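S.K.: One structure coming up, written as structure tokens, with questions to follow.
The values are calculated or read from the model by the stated rules, or taken from the named source; none is laboratory data. Model, not experiment: these values are computed from the prediction. Positions of Cβ are backbone-derived with ideal geometry, glycine not excepted, and every protein chain shown enters the neighbour counts.
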Amino acid sequence: MKRIIVCVKPVPDPKHWGRVSMDPDTMTLRREVIPSIVNPLDKHAIEAGLSVRDSFGGEVVLLSMAPPSAQPLLREGLAMGADRAVLLSDPVFAGSDTLATSLILAAGCRYIGDFDLIFLGNMSIDGSTAQVCSQLAELLGLPNVMHVTGLSWTNEGKVIITRKIENGFSKLVGIPPLVLSVRKELNKPRYVPFTGILAAESKEIRVLSNNDLKIDPSQIGLAGSPTKMAGLEIRRFERKRERLEGSPEEIVRKLMDKIYQIGVI
Amino acid sequence: MEKGGQMEIWVFAEQRGGELHKVSLELLGKAKELASKGGRVTAVLPGHDVKAISRSLINHGADRVLLADDPRLGIYRIIPYSLLLGGMIQDHRPDIFLMGATAMGVELAPRVAAKVKTGLSAHCIDLSLDSQGRLLQVVPGWGGGVVATVSCPEHRPQMATVMPGAMKALPPKEREGEIFEVAVELPDENLGPEVIEITQEKPQGLPLEKAEVVVAGGWGIGSRENWQLIQELASLLGGAVGATRPPVDEGWALEGQMIGQSGKTIRPRLYIGIGISGVMHHVVGMEGSDHIIAINSDPNAEIFETADVIVVEDFKKIIPPLIREIKNRLKKQGSSD
């Protein structure tokens, strides 16, 4: 194994999502008040990369498209054991939809070069589109498999991939290079030792801008994204909230009346 | 196509082993509605020996079926499927292309969109046309707590994956429709990983999304033994059992019983949520229910925001006597009929 790339996305910490508000003028979410974390599934992707490296050698390179402020989050992945990180950061990347993002990540992968596997989390908790794995693979001209829950290797260097489908699983056999996006069932991300945190401090985070990647600016960012935001709404699902009071017996009687009125018995 | 001319709306007919996924029929229902102001609905059906499915697609709203029959399409693989669909899009230039947000659709649609360089929105919960005939795609984000409306003004086709259960299939009736067999041209090699095994289990009991009553349980149920109370209550009410993520992780419930953003979207007459905290991921899957009853011992449980009827009490004090009461009521009904 020469090299394994793991894509990592900073996402707003769901513990603070209750505080999200909207800027009505720009129709964007005010997310700067919410601290970022590494997308939870991406830790499983990092673990997948590390365990392949532990068995077959090579290096694990983290790849992220994010503002420069994402560097501490990449350090977390380096502390887990990744060898180095590449951060794609440029104002012209801002506002990219999944296709434009995939184009930027594909350019990052080519810049890193010589990889056998690319791992991603199956979806991010904020956008939840789950579109980047397939789009990145298409733009790199490589096969991809999503919903990965198991990986094993044959003696000939082929990989047996188990993936989740409706009501079951399917198994595939593939040959690297491959792009794989993983579900949390695949593994348990390793515990970060204190020595890992120390070691991460001296590992390289290379920051690249579009001067390095040289992507046609008309294909990326807000302007280069085929999808446009036409509206944004914070949803609250409020209902009548009628509280049934009394002893358990009284509550059961009242519940019976409700269920009877609804007409299902 | 929006100026004059007919709008061409495609729906991906998803099948595994000759069995059509019901989301495809739901999408045909929506496509028919979108086409009502002048448009044609086409079902795109790749597979092998699947021509028999065409009739059902037509009876559910397809004006025509583009059938791509080839042994190499017999089992879904992303490379041949995306090459096929990309080629068909370039040949026929549809305005809209809809797929189910299934394991297959979620993987395939983005690859096709990247191939033809167009926009794609994910896990849509609603679709409509604006005054200029452009597709407005309503997508949930942030666990469903935020919904965005997305459009794709300059690229075609306008592509979307749609949550199963979010749209309604039309009742089937005998309809006229054409079936065209398209020529399948695929390379002989480099078709990507090969499928060597598929294991799928038929889920037991009433499917969640068809049930009039859904009794759902969460982490608060606490044990497999207690989970039987959920099952008993559901069966007495002629309903189905639903779950949040933890009971599925614990093995009390099956993956197919999960309600919410990464599970099923349901809209039953009555939803009863027991021991469920009510995070947004779950709520977005059930908020369309006609009536919502929530039982939780924690007075601050988020689910109460989205409930019509609230019971703040330990479910173990409520559900067993409720089960007894319902049994009594059913017995009386039985004897008076």
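S.K.: Could you pull out every one of the strands (runs of 3 or more DSSP E) wholly within the range A:82-197 that has 2 or more residues that are of a type in the set (Lys, Arg) and within 11 Å of chain B (Cβ to nearest Cβ)? Steps first, answer last, please.
M.R.: Values: elements: A:84-88, A:117-121, A:144-153, A:159-165, A:168-174, A:178-182.
Those strands (runs of 3 or more DSSP E) span A:159-165.
S.K.: In this structure, does residue A:228 turn out to be surrounded by 15 or more Cβ atoms within 10 Å (Cβ to Cβ), among the basic types (Lys, Arg), modelled with pLDDT of 95 or more and in contact with an Asp or Glu (Cβ under 9 Å, 6 or more places away or on another chain)?
M.R.: Numbers: surrounded by 15 or more Cβ atoms within 10 Å (Cβ to Cβ): yes; among the basic types (Lys, Arg): yes; modelled with pLDDT of 95 or more: no; in contact with an Asp or Glu (Cβ under 9 Å, 6 or more places away or on another chain): yes.
It is false that residue A:228 is surrounded by 15 or more Cβ atoms within 10 Å (Cβ to Cβ), among the basic types (Lys, Arg), modelled with pLDDT of 95 or more and in contact with an Asp or Glu (Cβ under 9 Å, 6 or more places away or on another chain).
S.K.: Considering each residue of the range B:292-321, count those that are within 11 Å of chain A (Cβ to nearest Cβ) and either within 17 Å of residue B:209 (Cβ to Cβ) or assigned to a loop (DSSP other than H, G, I, E, B) (or both), and give that number. Steps first, please.
M.R.: Here is the first cut: in the range B:292-321, the ones within 11 Å of chain A (Cβ to nearest Cβ) are B:292-295, B:299, B:302-321.
Of the ones still in play, those that are also either within 17 Å of residue B:209 (Cβ to Cβ) or assigned to a loop (DSSP other than H, G, I, E, B) (or both) are B:292, B:299, B:307-308, B:313-314.
Number of matching residues: 6.
S.K.: Counting only residues that are under 22 Å from the mean Cα position of the chain (by Cα) and touching a residue at least 60 places away in the same chain (Cβ under 8 Å), which one in the range B:47-62 is surrounded by the most Cβ atoms within 10 Å (Cβ to Cβ)?
M.R.: B:62
S.K.: Is it true that residue A:168 is over 30 Å from residue A:21 (Cβ atoms), small (Gly, Ala, Ser), in contact with a strand residue (DSSP E or B) (Cβ under 7 Å, 6 or more places away or on another chain) and at pLDDT below 95? Explain how you work it out, then say what you get.
M.R.: Values: over 30 Å from residue A:21 (Cβ atoms): yes; small (Gly, Ala, Ser): yes; in contact with a strand residue (DSSP E or B) (Cβ under 7 Å, 6 or more places away or on another chain): yes; at pLDDT below 95: yes.
Considered against the rule, which asks whether it is over 30 Å from residue A:21 (Cβ atoms), small (Gly, Ala, Ser), in contact with a strand residue (DSSP E or B) (Cβ under 7 Å, 6 or more places away or on another chain) and at pLDDT below 95, residue A:168 comes out as yes.
S.K.: How about the range B:260-299: which of its residues are small (Gly, Ala, Ser), surrounded by 23 or more Cβ atoms within 10 Å (Cβ to Cβ) and over 28 Å from residue B:106 (Cα atoms)?
M.R.: Within the range B:260-299, B:273, B:275, B:294 qualify.
S.K.: Restricting attention to the range B:189-217, which residues are within 19 Å of residue B:265 (Cβ to Cβ) and more than 7 Å from every other protein chain (Cβ to nearest Cβ)? Give the derivation first.
M.R.: Here is the first cut: in the range B:189-217, the residues within 19 Å of residue B:265 (Cβ to Cβ) are B:203, B:205-217.
Within the range B:189-217, B:205, B:206, B:207, B:208, B:209, B:210, B:211, B:214, B:215, B:216, B:217 qualify.
S.K.: Something else now. Criterion first (in contact with a strand residue (DSSP E or B) (Cβ under 7 Å, 6 or more places away or on another chain) and closer than 30 Å to residue A:14 by Cα) does residue B:110 satisfy it?
M.R.: Values: in contact with a strand residue (DSSP E or B) (Cβ under 7 Å, 6 or more places away or on another chain): yes; closer than 30 Å to residue A:14 by Cα: yes.
So residue B:110 fits the description; yes.
S.K.: How about the range B:1-86: which strands (runs of 3 or more DSSP E) wholly inside it have at least 1 residues that are closer than 21 Å to residue B:200 by Cα? Step through it out loud before you land on a result.
M.R.: On the way: elements: B:7-12, B:39-47, B:64-69.
In the range B:1-86, the matching strands (runs of 3 or more DSSP E) lie at B:39-47.
S.K.: Within the bounds of the range B:272-279, is there any residue that is under 13 Å from residue B:218 (Cα atoms), within 11 Å of chain A (Cβ to nearest Cβ) and part of a strand (DSSP E or B)?
M.R.: Yes, some residue in the range B:272-279 is under 13 Å from residue B:218 (Cα atoms), within 11 Å of chain A (Cβ to nearest Cβ) and part of a strand (DSSP E or B).
S.K.: Given (1) under 17 Å from the mean Cα position of the chain (by Cα); (2) among the hydroxyl-bearing types (Ser, Thr, Tyr); (3) surrounded by fewer than 20 Cβ atoms within 10 Å (Cβ to Cβ), identify the lone condition not met by residue A:55.
M.R.: For residue A:55, the failing item is (1).
S.K.: Can you tell me which residue among A:244, A:213 is closer than 30 Å to residue B:319 by Cα and at pLDDT 95 or above?
M.R.: On the way: A:213 fails: closer than 30 Å to residue B:319 by Cα.
Sole residue among the options that is closer than 30 Å to residue B:319 by Cα and at pLDDT 95 or above: A:244.
S.K.: To continue, here is another question. For the subset of the range B:140-188 comprising residues that are in a strand (DSSP E or B) and β-branched (Val, Ile, Thr), which member is farthest from the other protein chains (Cβ to nearest Cβ)?
M.R.: Here the answer is B:179.
S.K.: Taking the conditions exactly as written (under 19 Å from residue B:323 (Cβ atoms), within 21 Å of the chain's Cα centre (by Cα) and at pLDDT below 95), does residue B:253 satisfy them or not? Break it down stepwise before answering.
M.R.: Details: under 19 Å from residue B:323 (Cβ atoms): yes; within 21 Å of the chain's Cα centre (by Cα): yes; at pLDDT below 95: yes.
Yes; evaluated as a whole, the condition is true for this residue.
S.K.: Just need a number here: residues in the range B:120-137 that are surrounded by fewer than 20 Cβ atoms within 10 Å (Cβ to Cβ) and within 21 Å of residue B:282 (Cα to Cα).
M.R.: Counting residues in the range B:120-137 that are surrounded by fewer than 20 Cβ atoms within 10 Å (Cβ to Cβ) and within 21 Å of residue B:282 (Cα to Cα) gives 1.
S.K.: Also, quick follow-up: Out of everything in the range B:14-33 that is over 20 Å from residue B:72 (Cβ atoms) and among the acidic types (Asp, Glu), what residue ends up being surrounded by the most Cβ atoms within 10 Å (Cβ to Cβ)?
M.R.: B:26
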